[in-house]
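In what follows, a single structure is set out as structure tokens and then discussed.
Rule-based calculations on the coordinates, nothing more; no lab input. On a predicted model such as this, the values are computed, not experimentally measured, just so you know. Glycine also receives a Cβ, built like all others from the backbone with ideal geometry; neighbour counts cover every protein chain displayed.
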Amino acid sequence: MRAALPFAFALAAACSPQAVIDGATRRAAETVVQPILETRLMPAQAAGVTRCVIDHATPGEVQALARNVGTRGGTLPEADILTIAARPDTRACIAAAGLPQPTEVWR
């Protein structure tokens, strides 16, 4: 029992309030990005591209995307998604997953 106590404290420390907030913000941003991508990609493809876009967005971009939760995607979120998707690291992530590049599909 005593040996488990330090582990429990370490586990609790890993779940910081900021980490919880960041995770919730990322999930909210995903609910904005994926439906927009699904207008041009198959749902499974959109899910993979969404992960790459969110993983390579800055914290400010994730927050900006998350602010659009509950609204229909408009030109601003689409532009943000395309900007993030056009970055070399994001393009590499999408290519490594064998998915189509949004910057090519949007043309």
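Some observations on this one:
- Here's the picture: a label point sits 7 Å out from the Cα of D22 along the beta-carbon direction, and within the range 43-83 the residues with their amide nitrogen under 14 Å of it are 55-63.
- Between T83 and V105, the simple spin-label model (points 7 angstrom out along Cα→Cβ) gives 2.1 nm.
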